[in-house]
């Protein structure tokens with residue numbers, strides 16, 4: 001008998017594309033459901049779906065009969081959610097309810113939710129644990145908190161096999177959100193086709209601190225929650241590869257981008273190193289100041305640890321951007337190199 005497929009809602013997004021590719025490479029059939037077109041690799045069947053359409057969700061799950069649903073569909077960023085709250089909440093909350101109901105009706109489905117560390121709100125202790133109070137604020141954060149809570153309700157009270165992963169900031173090749181997320185936004189300016197531009201930092205976020213994890217490790221954790229019986233019913237904080245202030249992260253992105261160009265184009269490398277960063281008023285949308293997760297539960301119960309250090313992940317992301325621009329990156333040994341802090345402009 002062929003294996004039952006895996007369904008990924010929001011599967012055409014940044015994390016979803018990486019997740020679908022990894023699962024398809026293992027030989028498991030993959031169905032991605034999204035309003036966006038599929039632009040990833042082979043072995044994936046793409047279905048156009050509005051996750052807030054309960055009837056369409058029910059029909060899809062009845063026809064696909066997935067063994068696992070990875071529910072990634074939601075408002076993509078804080079900025080897009082803030083710009084259109086009604087659409088964001090419809091997608092994030094209404095979509096989660098519709099897919100949960102469909103999974104419950106079909107039966108035999110494990111539901112894995114990609115949640116966020118933003119459900120905890122402002123950090124007031126050393127780190128969030130899974131038992132920390134949930135105090136989200138803002139459209140994006142409250143939408144994700146609601147989806148998180150509803151998923152746990154369907155697991156605890158209605159008997160649906162569920163697991164929740166509260167992701168930190170995920171970065172890596174292929175992230176299209178160059179207007180809002182710090183890594184792709186910075187790289188889009190550093191490798192602007194017209195010449196290097198300084199990444200933009202906002203006055204209010206210079207000292208914001210966040211956990212960061214490379215997309216391959218986030219995908220590994222999602223797969224573990226969908227396949228490991230020890231994850232059933234669990235809520236897990238994502239394990240980060242590093243914790244950085246926004247300013248320190250951008251300085252490292254500039255330095256590593258320059259280093260990647262040094263062998264092939266010393267002039268470009270010098271121009272990138274000279275960009276530093278520029279500071280603008282903002283941010284345009286209120287943001288949390290400090291976020292940091294304790295991921296001891298993910299480690300103790302599932303034996304999970306990140307395998308890609310921050311530096312190696314940045315090098316791989318930079319190489320992908322350079323390849324898309326027709327540039328050749330210097331090979332990286334995967335080690336976290338030392339770097340000189342870029343000048344501020």
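Every number in this text was worked out from the coordinates using simple rules, so none of it is lab data. Remember, it's a predicted structure, so these values are computed and weren't measured experimentally. Please note: Cβ atoms are built from the backbone with ideal geometry, for glycine as well, and neighbour counts cover all protein chains shown.
Quick notes on this one:
- Here residue 300 and residue 137 are evaluated by their C-beta separation; at R0 = 41 Å the FRET efficiency comes out at 0.85.
- Each of 50, 131, 148 was scored by other Cβ atoms within 10 Å of its Cβ. Arranged with the fewest first, they read 131, 50, 148.
- Which of 62, 256 has the fewest Cβ neighbours within 10 Å, and the rest in rising order: 62, 256
- Neighbour-count order for 252, 229, fewest beta carbons within 10 angstrom listed first: 229, 252
- Residue among 146, 63, 257 with the largest mean-square fluctuation in a Gaussian network model of the chain, springs linking Cα atoms under 10 Å: 63
- Mean separation of Cα pairs under 8 Å and 6 or more residues apart, divided by the residue count, gives the stretch 6-167 a relative contact order of 21 percent.
- Between 149, 239, 218, the residue with the greatest mean-square fluctuation in the GNM of the chain (Cα pairs under 10 Å linked by springs) is 149.
- Taking only the C-alpha atoms of the stretch 38-192, the Rg (one decimal) and the largest Cα-Cα distance, Dmax (whole number), read 16.6, 51 Å.
- Shape class of the stretch 76-135 from the Cα gyration tensor (axes a ≥ b ≥ c, square roots of the eigenvalues): oblate, since a/c reaches 1.5 or more and a/b does not exceed b/c.
- Whether the stretch 1-129 is rounded, prolate or oblate, judged on the alpha carbon gyration tensor where a/c under 1.5 counts as rounded: prolate
- Cα gyration tensor shape of the chain, rounded if a/c is under 1.5, else prolate or oblate by comparing a/b with b/c: prolate
- MRE, 222 nm, helices only [DSSP H, n ≥ 4, -39500 (n - 2.57), over the chain, to nearest 500]: -12000 deg cm²/dmol
- For the stretch 204-272, relative contact order (Cα pairs under 8 Å, six or more residues apart, normalised by length) works out to 36 percent.
- Mean sequence separation of contacting Cα pairs (under 8 Å, at least six apart), scaled by the length of the chain, corresponds to a relative contact order of 16 percent.
- Comparing mean-square fluctuations of 61, 158, 297 from a GNM of the chain with C-alpha springs under 10 Å, the top value falls on 158.
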